[in-house]
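Peer 1: My structure is below; once you've seen it, I'll send some questions.
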Amino acid sequence: MLRRKGGNRRERMFLFSWRDAGVTALILAAATLLCFLMRNIGDGENYVSMVFLFAVALVSRTTSGYFYGVAASVVGVFGVNYAFTKPYMALCFSLTGYPLTFITMLAVAVLISGMTTQLKRQVRQNYNARLEDMRANLLRAVSHDLRTPLTSISGAASVLSRNLGKIDEKRQRALLNEISGDAEWLIRMVENLLSITRINAERASVKKVPEAAEEIVSEAVRKYRKRFGAPAAEIAMPGELIMAPMDAILIEQVITNLLENAALHATGATWVRVTVKKQGCEAVFEVEDNGGGIEPDKLPVLFDGSASSYNDSAANSRSMGIGLSVCRTIISAHGGTLTAENVPGGGARFRFTLPTEEGEGHAQCGNHTHR
Amino acid sequence: MRNAATILIVEDDERIRNYMRTVLASCDYAVLETGNAKTALSIVASHNPDLVILDLGLPDRDGQELLSEMRQWSRVPVVVISARGLEKDKVTALDNGADDYITKPFGTDELLARIRAALRHGRQRNEGERTVFSGNGLVVDTERRIVRVDGQPIHLTQIEYKIVTLLCRNSGKVLTHDYMIREVWGPFSNCDTQLLRVNMANIRRKIEKDPTMPEYITTEIGVGYRMIEMD
C-alpha cells in the first residue's frame, strides 16, 4: 500500500499537466517580452540573463516536480543565446561564459524545484498528522460516549429479566424507557460515525452534486421537530433558491447535529433558528439559539471531540463531542468552514459555509481554500 | 378494523424478523417469513401475499436481482429495507420496481405507516385511472387542467404542471429524480437534476403555505420527491 503511494507520487513528478505547462509558457513568454522591451529602450543585454534566471526560479516555484523548472532553464539558455546575445537571431555556442549561464540556470531550477517539492511534502505530512490527531481524539470520545449508554442498556435489561414481576410496573416501565432512550442515542451516534465513512479518506473529499439548500434544511428541521418538542425550530430563508454542490446526506447530518446540540445543551433556549443566505460565492448556514451560550473556555476545543461530557452536569444530556467533531470533518471535506460564537444578547451561533461554485479558478469568487 | 392482509417478510437476520413479526401480528396482519431469496420467490408464487418486505442484503442472492425477477411476473407491492447512506441502493430498488423503502434502523411507527401506504397503493392499482386528486386543501383536476390550493386557483407553467400531475398520479410514492426527468422532459433529454430542483422550488413557492416546510411535496434526500397521499 505504502509502496504504491510512493510510486504514484514519483510518477506525479513527471506527469504532464496542462496547468503547469501553461504557467511555464506564460512566464517564459513574459520574460521574453520584457527582454525585447528592455532592448528597445537601449540597455538590454546585461539584464537578459537576470530576467531569465528569475523566470526559471519562478517556474520552479510555481510548478510541481523538477520537469518544468529544468525545461524552463534549457529553453531559457537557448532563448537567451538565440535572441538576446550577439549575433541576434542565431545560435552561437562559442560565447564566453556560456557554460556558466547554463549551469547557473540549471542549478537554480533544480534547487528551487527541490525546495518546493519538499515544502509540499511537509505540508502533506502536517496535514496527515493533524488528521491522525483528530482521529485519536474521536476514538477517545467514542469509546467514552459509547460505553456509557451500552452499560446502562445491558444493566437495565439484566435487571428486568431477573426481576420481571418482582419490581412494580412503574419501575419496569422506567427501565424500558431508559433502554429505548439509550438505544436511540446509540443509533444517532453510530449514524454520525458511519457518515464519516462517506468521506474519501485519502483525499479528505466527498462526492458533491448541486443540491437546493432549502430542501436539506427543511428535512433536517422536520426530523428535529419529530424528535424534540422544545426549543421550537424556525427556518429563515431568502426568496431566491440557493444551490450548492454537496453530499446532501452529510450536510443534513451537520444541520441535524447542530440542532440537536441546541436542544440538548442550550440551557433555557426557547427557539433555535436555521438561517441560509448567499454571500458572494458561498452559501452560509447558521444555527442560532437563545439559550445560555457556550462556556468561553470550551469554545476553542468545541470541535475536537475532546470537549467531552466530564463536566456536563445534566444527567440526561450526553456529550455532543462526537457530533460536533463530525460536523467539522464533514464541512472541511466540503471545502467550507465551521465556526461557533456566542451572540451578544445571549445564546450560541454556529455558522458553516459551503462554496457554491465547483472547482478552483473562479476568479470572481476569490475564495482560495487551499489546505 | 381487521387487517386481513398477508405480509411476507424476507430478512435474513432472525432478531429483526422476530421483531417485525411481533409488530405485524399485533396489528392483525397475517405474517409469512423467510430468510433467503429462494424460498421468498416460491412463497410469493404459491401464497400470493398482499405485500413483501424485502431486505436487500440476503445471504444467497442480491436483493435487487430478486426484486427485478419477481417483478417479471408479480405486481405485489414491495417495501425494501435499506441502510441510511446507501441512497443509491434505494434509487436502484425503486427503479427495479420497489414501491417504497424503509431506512434501517427504523421505528415501529414508521414501519407500520409504510406498510399501510404500500397496501393502499396495491389496492389502488386495480381501481383504474383517476382524474381528480385532492388532499389537505390541494386539488388537482387533470381533466380540466385546474390546480387549486384552498379554493384559490394556482397558475403553473407547462413543466410545473407536468411535474405536479406526475407526482399526483403516484401520490404517496417516492419518485426518483431520474424517473421524473424522463417522464417530464422525455427519455432523450439531457436535462440535469438542477433544472428539476429549480422547478420544484418554484412549485413550492406557488402551492405551499410555508415553502420552507413543505406539506404537499416532501424531499427524500438523495433519492427524489414524494407527494402526500391524495384521494
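Rule-based calculations on the coordinates, nothing more; no lab input. Computed from a predicted structure; not experimentally measured. Virtual Cβ from ideal backbone geometry, glycine too; neighbours counted across all protein chains shown.
Peer 1: So what's the angle, to the nearest 10 degrees on a 0 to 90 scale, between helix B:158-169 and the longest Cα principal axis of chain B?
Peer 2: Computed tilt is about 30 degrees.
Peer 1: Which of the GluC sites (Glu not before Pro) found in the range A:200-299 are loop residues per DSSP with 11 or fewer other Cβ atoms within 10 Å of their Cβ? Don't jump to the answer; show the numbers that get you there.
Peer 2: Working: sites: A:Glu202, A:Glu211, A:Glu214, A:Glu215, A:Glu219, A:Glu234, A:Glu240, A:Glu252, A:Glu260, A:Glu282, A:Glu286, A:Glu288; in loops: A:Glu202, A:Glu240.
Those that pass, being in a loop and sparsely packed, are A:Glu202, A:Glu240.
Peer 1: A further question follows. For peptide B:213-219, how many partner chain Cβ atoms fall within 10 Å of a residue's Cβ, on average?
Peer 2: On the way: counts 10, 5, 0, 0, 0, 4, 10.
Per-residue shielding by partner chains comes out at 4.
Peer 1: Could you tell me the calculated FRET efficiency between B:Ala83 and B:Arg61, based on Cβ-Cβ distance and R0 = 22 angstrom, to the nearest 0.05? Please report the intermediate quantities before stating the final value.
Peer 2: Working: r = 18 Å, r/R0 = 0.83.
Efficiency computed from Cβ-Cβ geometry: 0.75.
Peer 1: Now, a different point. Once R0 is set to 51 Å, what does the formula 1/(1 + (r/R0)^6) return for the Cβ-Cβ distance between A:Ala83 and A:Leu194, expressed as a FRET efficiency to the nearest 0.05?
Peer 2: 0.25
Peer 1: Continuing with the same structure: Averaged across A:238-246, how many Cβ atoms of other chains sit within 10 Å of each residue's Cβ atom?
Peer 2: 2
Peer 1: Hey, another quick one. What dipole magnitude, in Debye to the nearest 20, does the protein assembly as shown give about its Cα centre under +1 on Lys/Arg Cβ and -1 on Asp/Glu Cβ? It would help to have the intermediate numbers written out before the result.
Peer 2: Numbers: 72 positive and 69 negative charges, 209 e Å.
Result for the protein assembly as shown is approximately 1000 debye, rounded to the nearest 20.
Peer 1: Nearest 10 degrees is fine. How inclined is helix B:37-47 to the longest principal axis of chain B, computing both from alpha carbons?
Peer 2: Taking Cα atoms only, the helix is inclined about 80 degrees.
Peer 1: Any chance you could get the radius of gyration and Dmax over the Cα atoms of chain B, in Å?
Peer 2: 18.6, 55
Peer 1: Another one. So, in Å, what gap is there between the alpha-carbon centers of the range B:1-32 and the range B:42-61?
Peer 2: 13 Å
Peer 1: A further question on this structure: With a cut-off of 8 Å between alpha carbons and a minimum separation of six or more residues, what is the relative contact order of chain B in percent? Present the calculation step by step, with values, prior to reporting the outcome.
Peer 2: Values: 343 pairs, mean separation 32.3, N = 231.
The value is 14 percent.
Peer 1: Sticking with this one: Chymotrypsin sites (Phe, Trp or Tyr not before Pro), restricted to the range B:172-229: which are DSSP loop and have at most 16 other Cβ atoms within 10 Å?
Peer 2: Those satisfying the criteria are B:Phe188.
Peer 1: P(r) for the protein assembly as shown: what percent of alpha-carbon pairs falls in each 10 Å bin, starting at zero?
Peer 2: Taking all Cα pairs of the protein assembly as shown, the binned fractions are 3, 13, 19, 20, 18, 12, 7, 5, 3, 1, 0 percent.
Peer 1: Positive end of the dipole of the protein assembly as shown, charges at C-beta (+1 Lys, Arg; -1 Asp, Glu), about the Cα centre: which of B:Thr6, A:Asn81, A:Met237 has its Cα farthest in that direction?
Peer 2: The one lying farthest along the dipole's positive direction is A:Asn81.
Peer 1: Let me ask you something else. Where both partners of a DSSP beta bridge lie in the protein assembly as shown, what percent of those bridges are antiparallel, to the nearest 5? The partial results should precede the final answer.
Peer 2: Details: 43 of 66 bridges.
Antiparallel bridges make up about 65 percent of those DSSP assigns within the protein assembly as shown.
Peer 1: Summing -39500 (n - 2.57) over the DSSP H runs of n ≥ 4 in chain B and dividing by its residue number, what mean residue ellipticity at 222 nm do you reach, to the nearest 500 deg cm²/dmol?
Peer 2: The helix-only estimate for chain B comes to -12500 deg cm²/dmol at 222 nm.
Peer 1: When Cβ neighbours within 10 Å are restricted to other protein chains, what is their mean count per residue of peptide A:229-235?
Peer 2: Values: counts 0, 0, 0, 0, 1, 2, 4.
Mean number of neighbouring Cβ atoms from other chains: 1.
Peer 1: Moving to a separate point now. Obtain the radius of gyration and the Kirkwood radius of the range A:138-200 from its C-alpha atoms and give Rg over Rh.
Peer 2: For the range A:138-200, the value is 1.14.
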